[in-house]
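**Q** Got a structure for you, written out below as structure tokens; questions coming shortly.
Nothing in this text is a laboratory measurement; each read-out follows from the coordinates by a stated rule. As the structure is a computational prediction, the values presented were derived from the model and not from experiment. A quick note on method: Cβ atoms are made from the backbone with ideal geometry, for glycine too, and the neighbour counts reach across all protein chains shown.
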Amino acid sequence: MARVNNKKDSKKIGKFDFKDKKVLITIITVVLIAVLLIGLCFLKSKEDNAKSGFSIVGTDSKIEVTGLKIETASVSLEVEGEAQLNIVVEPLEATDKSLSFVSTDGNVALVDASGKIKGIDPGNCQIKVTSNSNNSIVGEVAVEVKAKAPAIVNSGGLTYINGMLVVNKSYALPASYNPGASSEAMNSFYAMQSAAANEGISLFIVSGFRSYNTQASLYNGYVASYGQAAADTFSARPGHSEHQSGLAFDINAADSSFAGTPEAVWLANNSYKFGFIIRYPQGKESITGYMYEPWHIRYIGVGNASAVYSSGLTLEEYWGVDSSYK
Ligand SMILES: [Zn+2]
């Protein structure tokens, strides 16, 4: 009985049975597949590294920045506008491709760490670009910041630019627009009149608000007397007169006798302080569409008038519009 058992045991120790063999083959197969897969991955990564320029032993060796490719040599943007600089650091495999940006005039434009430029005020400046890892590699971008394009708003047939009512040969008022003289403009005129009187200057209005119909008969009378081409240089067609806006006044004498008088000189030098401008200046006839009229003042408010006065521009130039009959 015991011998039979021993025989049975020795058989078990000396030879694997069928079940054990199957397990072993499975283990060997799994190991072989794993070794094969690891080998393939190793070869693949070696190939990738070769492609990107890294040697398999040199992944920690530094690759220097050698140049900057600036996609845009100059940038033009508006006040409050933004522009993104697009700069390619060479070579593409460089270890540290980070850059620093500095504006040469922060009053004109600012730049952030990502190379995004923001326009602050009209003017010109440069953005200097430097490689952080190699500060001998620098670039420069010229920046021009332009004044914001004015917003032109049309409301009920009236045109406004930056809140100012536009009336000229290009922009008309509806025939039904009949506001009378603006009380704000009148009060400003009275303030100006007393300030001028304190300096011995006498100012008075000879022509203020004119309705569409009044302007029509005035203009038609001039056309009958002088012909349309001549009339168009000094008289507005109905709907195109600033006098219909209630914001324009003719002072003292609406003819060339006013030019050069102490009153005309005072008006040219001081009216902006009260919100008025000389609307049709000398030498700007082709821009305003009218002859020099030192007596015709237009109310636009103190802030606007001061800005227009110091710019030396006509309202057309200040707004960026033309003045011609379409
Ligand atoms: Zn006038």
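**Q** Taking the number of other C-beta atoms within 10 Å as the exposure measure, put Phe258, Phe276, Phe234, Phe204 in order starting with the fewest.
**A** Phe204, Phe234, Phe258, Phe276
**Q** Order these by the 10 Å Cβ neighbour count, fewest first: Val206, Val321.
**A** Val206, Val321
**Q** Find, to one decimal place in angstroms, the Kirkwood hydrodynamic radius of segment 186-270, where the mean of 1/r is taken over every pair of different Cα atoms and then inverted.
**A** 14.2
**Q** Could I have the simple spin-label model distance between Lys22 and Lys146, label points 7 Å from Cα toward Cβ, reported in nm to one decimal?
**A** Distance between the two pseudo-spin positions: 8.4 nm.
**Q** So how much slack lies between Ser207 and Asn162, counting 0.36 nm per residue of separation and subtracting their Cα-Cα distance, in nm?
**A** Stretched out fully, the Ser207 to Asn162 stretch lengthens by 13.5 nm.
**Q** Among the lysines in segment 67-146, how many pairs, 8 or more places apart or on different chains, have alpha carbons under 14 Å apart?
**A** Lysine pairs meeting the criterion: 4.
**Q** Now for a different question. Restricting things to Cα coordinates, could you compute the convex hull volume per residue of segment 152-319 in Å³?
**A** With only Cα atoms used, segment 152-319 gives 106 Å³ per residue.
**Q** How much FRET efficiency would the formula 1/(1 + (r/R0)^6) give for Ser76 and Glu317, where r is the Cβ-Cβ distance and R0 is 30 Å, rounded to 0.05?
**A** For R0 = 30 Å, the calculated efficiency reads 0.95.
**Q** Taking the Cα-to-Cβ direction at Lys326 and at Ala224 and moving 7 Å from each Cα, how far apart do the two end points lie in nm?
**A** With each label placed 7 Å out from Cα toward Cβ, I get 3.1 nm.
**Q** Normalise the Cα radius of gyration of segment 67-146 by 2.2 N^0.38 Å (N = residues in it) and let me know the number.
**A** 1.07
**Q** If I take R0 = 41 Å and measure r between the Cβ atoms of Ser114 and Ala254 in this structure, what FRET efficiency does the formula 1/(1 + (r/R0)^6) give, to the nearest 0.05?
**A** 0.10
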